[in-house]
Structures are given as C-alpha cells and as structure tokens.
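The values are calculated or read from the model by the stated rules, or taken from the named source; none is laboratory data. Fair warning: this is a prediction, and the values are worked out from it, not measured in the lab. Every residue, glycine among them, receives a Cβ derived from its backbone with ideal geometry; neighbour counts consider all protein chains shown.
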Amino acid sequence: MVGTEDTTPQVSTSHFAFDSQATIAYFCMEIALEPGMPTYSGGLGVLAGDTLRAAADLGLPIIGVTLLYRNGYFRQHLDEAGNQTESPVQWLPEQFLEPLNAKASVAIEGRRVFVKAWRYVIRGESGHGVTVYFLDTDLPENEDWDRTLTDNLYGGDAHYRFCQEAILGLGGIAILSSLGHERIQTYHMNEGHSALLVLGLLEKQMSGRGLGAATVADKETVRSRCVFTTHTPVSAGHDRFSLDLVSQVLGEEIANAIISMDGAADDLLNMTLLALSFSHHINGVAMRHRQVSRQLFPRYDIDAITNGVHAFTWTSLPFIRLFDRHIPQWRRDNFHLRYAMSIPPEEVRAAHREAKREFFAQVRQRNGVDFDLDVFTIGFARRAAIYKRPALLFSDIERLQKIVSSVGPLQVVYGGKAHPHDEAAKEQIRKVFEAADALQDSVRVIYIEDYDIALARYFCSGVDLWLNTPEKPYEASGTSGMKAALNGVPSLSVLDGWWLEGHIEGVTGWAIGTDAPDEDNVEDELESMYGKLEKVILPLFYKQPDRFAEVMRSTAAYNGSFFNTQRMLIQYMRNIYRLDHQP
Ligand SMILES: *Cc1c(COP(=O)(O)O)cnc(C)c1O
C-alpha cells in the first residue's frame, strides 16, 4: 500500500457539537452531482447527491466515496419505433474533479490493483464544503483489464461487477487511509454495493492477524462503526455473487470469513446480508419499505427514514422566485415551505405556467413538438424498469380517447433510460411509442431521449400531473414525485413507497388503488386511474382552475416542507449517526 500526501479533513463550521475532525464516510455505488458528470443511473445516485448537498448546507462533517465511471452511464438513442441503443458519454473528469496524488491498492486475483481518487467539493448554502472522492483504477501501473474497472456503471458481467464492488468497498477504505482520514467514526453503506468495506475494516482491526482469527469483540468493533441503508424491497433485487467467484477474486480467507459472518446464503455472498450483519443501525427509505424489509430480514431490527430531495436543487426558477418573495427563509430552513399555504393561488398558478413554458421550450428543442400551454399535461419520467410499468396508462386506449373527447384534451410526456441489458424494459419503451401512434389523432404522447438530472428539473416542474404506476411493493421510496411536489405539481400514484406518507387525497394529489401492502388487482388499478382522471382530475383542471391552483399550493406546502433531504439528514443525524450524542 502506497500511502502518500493528502489533506487534513476540513474544518467544519457546523452548528452541531462534535469533534470537527470526526467524520462520516458515506459510500454509494453512484452519486449524481451535476449535469455533465454522468456518474449515476437513477434514483439511488440522485438521492446520494441530494444527501451530500444537504450535508454541505447543514455543515455536517461527511465525505462521499464512489467510483468514477469514465464511460459515463450511457447516452440513450431512440429510433422511430422506440428501439433504444446506447453510446458512451464523452466527458473529461479533469473538467469537474481535482486529481489527488494519494494511492492505495486492492488485491484482486492475487494482483495489486492500484486505485487513486479524484476530489469534488460540494459547497453548501453556508459555504461549508463536503468532499466526494471518485475512485479510479485507470492507472499506468495497472494491467489493461484492471484499468477498465471504474469505466462502466452497472456494466459487464458478475465478475466485473464484483471486482468493482471490491474497488468501492476495500479500495475505498484503503484510499481513505492514504488520504489521511484516520478519524472516521461512522461508515454509511448506502445500499449493499459497498458492503465489502466491512471486511476492509475488519482487516484493519486485525492488523495482520488474519480474518480467521477475528473474535466476536473484533466484529463488534467494526459493527459499532457501520450503518446501512437498504433501498431494495425484494430479495431478487439484492446483489449476490457465487462464493467460488468470491474465492477466485478475493481469496479463500475472505470467502470463509463471509460465510462465518452470516454474509452468505445458499452458497452466494449476499451483499445485503453482509451489510446487515455488520451494521449497528439499519434503515429502510420509507415506512412501508421498513415493513417490507423486516419481512425479508426478520432477524434484524430495521428502522425507517423516509427519503427526500434537495429542495433548492429541484425547485424551478419560477418557484425559487415565488418562494423567495413570500417565504424568504425557505432555502436555509426548508420547513418554511410549510408557509407556502399563505401564497395567493393565482401566484402559484402563474409561477407554474412559467415553469410549464420553460419545460415546453425544452420539448420543442429536443423533440420539435409544440405542446400547448393550456392543455392538461401528464409527466412520467424515471429509469425504465418493468416494475414501474411505464405503459400502464395505455392499457385501454379507447378509454383514454373517450376521456379526452368527453372532458378535455391531454398531452403526455415520457422520459427514462432502460438498462442496456434489460430487454423487458426496452420493450416497455416501445409500448409507449406504439401507444403514441395509436393515439395520434386524440392525445399527443412524446418520449424525450436521454433523461438526466438537467432535464428532470424542467420535467418534474413543467407538467400538471406527475404519474407513477409502480407495481407494489417494489417502489422502496421513489423521489421524483417529491421534486414535482416542490414545484406545486400533484401526483397521481400507486400507494407504495413515499406516496403512502405524502398522499392526502385531493390535497397533494390522488391515489391509484388501495393502500393494501399486497398487489392490487390490475383491473381495479386501471379503473381507479382512469376514473380519477375522468371524473376528478381533468374536470378540476378545466372547470375549476382556482381549485386546481389550491391543490398545487397545498402540494408544495405539505410535501415540499417534509420530503426534502434537509429533514431527512436531520433524522439521520439524530437517529443513526447519533451526532447529537457526542460530547
Ligand atoms: C429523481 C430522478 C430519478 C428517480 O425517479 P423515481 O421516480 O423516484 O424513480 C431518476 N432519474 C433521474 C434523472 C432523476 O432526477
């Protein structure tokens, strides 16, 4: 291991009482920081970025650790039939990140794979900086294949993926030492991808005595420093690797340690089990998700902290101006968004119309389509995944046509990339294109290519209704509806994830189906969705615009003030990091 230079951990200007050098290390496979850095695929990465932004605002001494991804998470191309193809994103890390000299190494298949880090500093609202390290193996001293290990997010086969997770977990621990971060109190595994870090910590704890000699007390020492947030509500979604692969890549000693420490089941390393077994605090990302996670992992005590979004990042310019005028403290203290209730509805409507105009300018620029500002517009954008059922809205084309002819016109905008190997999700995108054809003369439906955080800011604020149709209980939380809510855009959504908490019927939006934890009958869900569009939502929009503006206002006030990462991080600090327990 080649420890060289770097940095004393930054001095914190925090409002909380703790050692300014004590630090939380927040590990995540993907972190979304700014447009132009394609280092994320979807909700998990956006949440990680929003969390660290809120930490910068609050002056929390946290550092982020993730991988660099030189090829980016691909650029999406859609042909006329909706067939998706992909190409790498060209980006230059040196335009965004500062390369550091420190190096560390991880033993992979008996080779030393060297890792370096690039630094990004997030400046918070009060000027406090939060550092994020992007790990990189593209170094001349590495063999060709090892140099590609930090190229592709969620790319390659199980072997590639496992080596990547070794770089993130083991490489992450090693490089933090090389960088001089010796006083980290808490390691936060945000999802299971980084769980190998517990073995890195245990190795340090054993100082060369070998993992096989670890005692219960050694393991407890590591446990006292680790916390884990699970994001996946079904067991098939948890990362697993064969123990043969683990032995091949990391050696027999590590494979045996994993088995003896409850990290494996059925001859598979389960990254979630490993993280659970080594964490003293575990949480799910919404109340329902805790319930589902407890059923999956009954041996563990699982808490819940519901996700949020970074309010300032996701508020459109027209709403920033509106909030600045009426509730100027909202940026510093997001709870002030609650007082959006006192903003005159006409002003909410005017700000929304402006946001809608800005989004429609994007629509024109990207798809060459002129959307009508006066027409009710539904938005649906997120990773294209089968459980999110993007084409559910088009299950009954005739019903939609009937609604439009009896109540009023409708426009629909879609966005979202399918994982390159996910043929079923790609098929869903084609289905949206087929529906667009079938509805040609009655409803304008478009799909915008290459959904990303830059587009999302316009998208979530520039429609009249945010649609979400996940299959229960697969939506652990969901966050895009929170972005919409900040901009006064109500949701029409299946009662799963955060929406069980954010939904007040007719006040913050509308529910599809029931709040039962099990799947609803699809026929009932369709009836609920179409029925509300036809009898409640479209009539409200077209016949009672003042009432619709009141719904927009209460959506922002109730859900903007709560479903943000400022509130979320305060809960992490109190309940999980236990920062307020420090002397
Ligand atoms: C917010 C966001 C997501 C998450 O959307 P969900 O509806 O919560 O799945 C995905 N992708 C991008 C680009 C986002 O900004």
* **Where a residue in region 97-121 is at positive phi and its partner, wherever it lies, is modelled with pLDDT of 95 or more and not in a strand (DSSP E or B), with Cβ under 9 Å and at least six apart** => Glu109/Cys163; Glu109/Gln248; Glu109/Val249; Glu109/Leu250; Glu109/Gly251; Gly110/Gly251
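If I go through region 278-303 residue by residue, how many of them are assigned to a helix (DSSP H, G or I) and in contact (Cβ under 8 Å) with a residue 60 or more places away in the chain? Spell out how you get there, then give the answer.
Step one: list which residues in region 278-303 are assigned to a helix (DSSP H, G or I), which gives 287-296.
With in contact (Cβ under 8 Å) with a residue 60 or more places away in the chain added as a condition, the list becomes 287-289, 291-293, 296.
Looking only at that region, the number is 7.
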* Subset of region 460-481 [closer than 19 Å to Tyr40 by Cα and more than 8 Å from the ligand (Cβ to nearest atom)] -> Ala476
* Could you tell me which residue of region 59-75 is farthest from the ligand (Cβ to nearest atom), considering only residues that are surrounded by 22 or more Cβ atoms within 10 Å (Cβ to Cβ) and outside any loop (DSSP other than H, G, I, E, B)? => Ile63
* Structure fact -> Flagged pairs (Cβ under 8 angstrom, 6 or more apart or on separate chains; first in region 341-353, under 12 Å from Ile327 (Cα atoms); second part of a helix (DSSP H, G or I)) are Met341/Arg553; Met341/Ser554; Met341/Ala557; Ser342/His326; Ile343/Leu322; Ile343/His326; Ile343/Arg553
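Would you mind finding the one in Lys417, Lys402 that is within 15 Å of the ligand (Cβ to nearest atom), assigned by TED's automatic domain parsing to the domain that holds Phe323, out of contact with any Leu (no Cβ under 9 Å at 6 or more places or on another chain) and not polar (S, T, N, Q)?
None of the others qualify; the one that does is Lys417.
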* To do: Name the single residue, out of those in region 91-150 being touching an Asp or Glu at 6+ places or on another chain (Cβ under 6 Å) and of a type in the set (Gly, Ala, Ser), that is nearest to Leu201 (Cα to Cα).
  => Ala102
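Of the residues Arg209, Arg223, only one is surrounded by fewer than 20 Cβ atoms within 10 Å (Cβ to Cβ) and modelled with pLDDT of 95 or more; which? Spell out the reasoning first.
Details: Arg209 fails: modelled with pLDDT of 95 or more.
Just one listed residue meets the conditions, Arg223.
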* Of these, Ala424, Ala391, Ala435, which one is surrounded by fewer than 18 Cβ atoms within 10 Å (Cβ to Cβ), touching a helix residue (DSSP H, G or I) at 6+ places or on another chain (Cβ under 7 Å) and under 16 Å from Ala81 (Cα atoms)? -> Ala424
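Results for (1) within 16 Å of the ligand (Cβ to nearest atom); (2) assigned by TED's automatic domain parsing to the domain that holds Glu165; (3) crowded, with 22+ Cβ neighbours inside 10 Å; (4) more than 21 Å from Thr221 (Cβ to Cβ), shown as yes or no for each residue.
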site: Asn256; (1), (2), (3), (4): no, yes, no, no
site: Ser260; (1), (2), (3), (4): no, yes, no, no
site: Leu268; (1), (2), (3), (4): no, yes, no, yes
site: Ser316; (1), (2), (3), (4): yes, no, yes, yes
site: Leu322; (1), (2), (3), (4): no, no, yes, yes
* To do: Pairs only if they're at least six apart or on different chains, beta carbon under 7 angstrom, first in region 373-384 and within 13 Å of Asp452 (Cβ to Cβ), second aromatic (Phe, Trp, Tyr) and more than 10 Å from the ligand (Cβ to nearest atom); list them, first residue then second.
  => Ala381/Tyr414
* **Matching option when the condition is within 23 Å of Phe541 (Cα to Cα) and within 13 Å of the ligand (Cβ to nearest atom), among Gly502, Gly497** => Gly502
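Restricting attention to region 8-34, report how many residues are modelled with pLDDT of 95 or more and in a loop (DSSP other than H, G, I, E, B). Reasoning before the result, please.
Here is the first cut: in region 8-34, the residues modelled with pLDDT of 95 or more are 24-34.
Restricting the remaining residues to those that are in a loop (DSSP other than H, G, I, E, B) gives 28-34.
Of the residues in region 8-34, 7 are modelled with pLDDT of 95 or more and in a loop (DSSP other than H, G, I, E, B).
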* **Only one of Tyr154, Tyr120, Tyr160 that is out of contact with any helix residue (DSSP H, G or I) (no Cβ under 7 Å at 6 or more places or on another chain) and in a strand (DSSP E or B)** => Tyr120
